[in-house]
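Have a look at the structure below, then the notes.
The values are calculated or read from the model by the stated rules, or taken from the named source; none is laboratory data. Remember, predicted model here, so these are calculated numbers, not experimental data. Because the Cβ atoms are built from the backbone with ideal geometry, glycine has one as well, and the counts that use them run over all protein chains shown.
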């Protein structure tokens, strides 16, 4: 039975209890059935909640992994930029008058 079917049956039982003159035996049976349906609905809601929690946890883990990868990529990019700056400075010194390694 689906959650929706259980809710519809509960609503039907509730309407019957509100409008009909229900005898005690029928009342007992309807209340017992209502309790079964409520337990079923609670179970389905808990299951859905647990499934959604797993999905959201998985998304959070993916986001954390992406953030870590982006941070590592930024760090590598910064290191490459610094390395290029060092090479540029060395190249500039190579073209100075007097040649590399000579004082001015």
Handout entry: Condition met for residue 22 (outside any helix (DSSP H, G or I) and either free of Cβ contacts under 8 Å to residues at least 12 places away in the same chain or under 14 Å from residue 3 (Cα atoms) (or both))
Key = yes
Practice task
Answer yes if at least one residue in the stretch 36-56 is surrounded by 10 or more Cβ atoms within 10 Å (Cβ to Cβ), outside any helix (DSSP H, G or I) and either in contact with a strand residue (DSSP E or B) (Cβ under 8 Å, 6 or more places away or on another chain) or modelled with pLDDT under 95 (or both), and no otherwise.
Solution key: no
